[in-house]
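My questions all concern the structure below.
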Amino acid sequence: MLQANTLCMRYGDTQALKDLSFSVAPGEVFCLLGQNGAGKTTTINIFLGLLEPTSGEALIDNISVIKDKSIRKAIAYIPEIVQLYSNLSGIENLDFFSKLAGFSYSNKALNAFLKQANLQEEAYQKRLSTYSKGMRQKVGIAIALAKNASYILMDEPTSGLDPKASVEFAKTCKALSLKGVGILMATHDIFNAVNIGSKIGIMKEGALIHTAETSHISAQELQDLYIKTI
């Protein structure tokens, strides 16, 4: 389980996180909603080990990401803009980043990861410079699969996607969830949060103000609650 236990983060006089606590179980999709500056990205950066909290703990399977850096191998990160090599093809990027993480796969296995990520087969050998944002994200997801990540952290993954790409992304996330992958997603997208997520948390000024299960709340109800909260 991925857990935030009373996380606090201060930058000088600014408190970016205030006693933040939540958990993401295997197969669960937890969506963090909030305005810019609410603390969503700070939370993700703590789990990535890029920031050390002022107090509290970020745990992966009950192991601190700060005290034991090796546990970070259990997570993969997909930012808003997936950073890949534009002069390489999709499969070449997947092969490179898999080897960087210590994995070596056959061409057949690499193809299988790209297929699981729902990248169209005709794009496997094309350069990334020809890819849309949605296609780049699929390569990022394939890399997470190749790394055998137990948890995937996503920061604004649906930003800039067209409706078709958003639908495909939602299907991919649900497929990952069924495979037991836990997902922590920071987003502004209320509709996709309800559509993709199993749980939703609304953040404001570093604190988690509301949590809800998506099975118990509609997109309209969430929107009303979100607007009321912020």
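Rounded to the nearest 20 Debye, what is the dipole magnitude of segment 127-213 about its Cα centre when Lys and Arg each give +1 and Asp and Glu each give -1 at the C-beta?
The dipole of segment 127-213 has a size of about 420 debye.
Projected onto the charge dipole of the chain (+1 at Lys/Arg Cβ, -1 at Asp/Glu Cβ, origin at the Cα centre), which of Ser89, Ala16, Gln35 gives the Cα projection farthest towards the positive end?
Looking along the dipole axis, the top candidate is Ser89.
What shape does segment 45-174 have by the C-alpha gyration tensor, where a ≥ b ≥ c are the square roots of the eigenvalues, rounded means a/c under 1.5, and otherwise prolate means a/b greater than b/c and oblate the rest?
prolate
Per-residue counts of other Cβ atoms within 10 Å, averaged by peptide: what ranking do you get for 115-126, 20-31, 98-109, 36-47, highest first?
Those peptides, ordered most packed to least, come out 36-47, 20-31, 115-126, 98-109.
Okay, next question. Order the peptides 200-212, 1-13 from the highest to the lowest mean number of other Cβ atoms within 10 Å of their residues.
Those peptides, ordered most packed to least, come out 200-212, 1-13.
For every other residue with a beta carbon closer than 12 angstrom to the beta carbon of Ser64, add +1 if it is Lys or Arg and -1 if Asp or Glu, then tell me the sum.
Taking every other residue near Ser64 into account, the sum is -1.
Which percent of the accessible heavy-atom area of segment 1-143 goes to carbon and sulfur, probe 1.4 angstrom?
Using a 1.4 Å probe with all protein chains present, segment 1-143 comes out at 49 percent carbon and sulfur.
Additional query: With a ≥ b ≥ c taken as the square roots of the eigenvalues of the C-alpha gyration tensor of segment 118-207, please select rounded if a/c is under 1.5 and otherwise prolate if a/b is larger than b/c or oblate if it is not?
Prolate, because a/c is 1.5 or more and a/b exceeds b/c.
If you count only protein heavy atoms with a 1.4 Å probe, what accessible area per residue comes out for the chain, rounded to a whole Å²?
48 Å²
Here's something else I'd like to know. What is the magnitude of the charge dipole of segment 21-133 about its Cα centre, with +1 placed on the Cβ of each Lys and Arg, -1 on the Cβ of each Asp and Glu, and no other charges, expressed in debye to the nearest 20?
I would put it at about 220 debye.
Could you sort 75-81, 213-219 so that the peptide with the highest average Cβ count within 10 Å comes first and the rest follow in order?
75-81, 213-219
Lys133: which lysines have alpha carbons under 29 Å from its alpha carbon, excluding same-chain residues fewer than 8 sequence positions away?
Hits, sequence-local ones excluded: Lys40, Lys73, Lys99, Lys108, Lys115, Lys147, Lys164, Lys171, Lys174, Lys179, Lys199, Lys204.
With charges only on Cβ, +1 for K and R and -1 for D and E, what is the dipole size of the chain about its Cα centre, in debye, rounded to 20?
That gives the chain a dipole magnitude of about 600 debye.
How big is the chain by Rg and Dmax over its Cα atoms, in Å?
17.4, 53
The values are calculated or read from the model by the stated rules, or taken from the named source; none is laboratory data. Keep in mind that what you see is a predicted model, and the values were worked out from it rather than measured. Using ideal geometry, Cβ is built from the backbone for each residue, glycine included, and neighbour counts are taken over all protein chains shown. Ligands, DNA and RNA are excluded from the accessible area calculation, which covers all protein heavy atoms including side chains. Shrake-Rupley method; radii C 1.70, N 1.55, O 1.52, S 1.80 Å.
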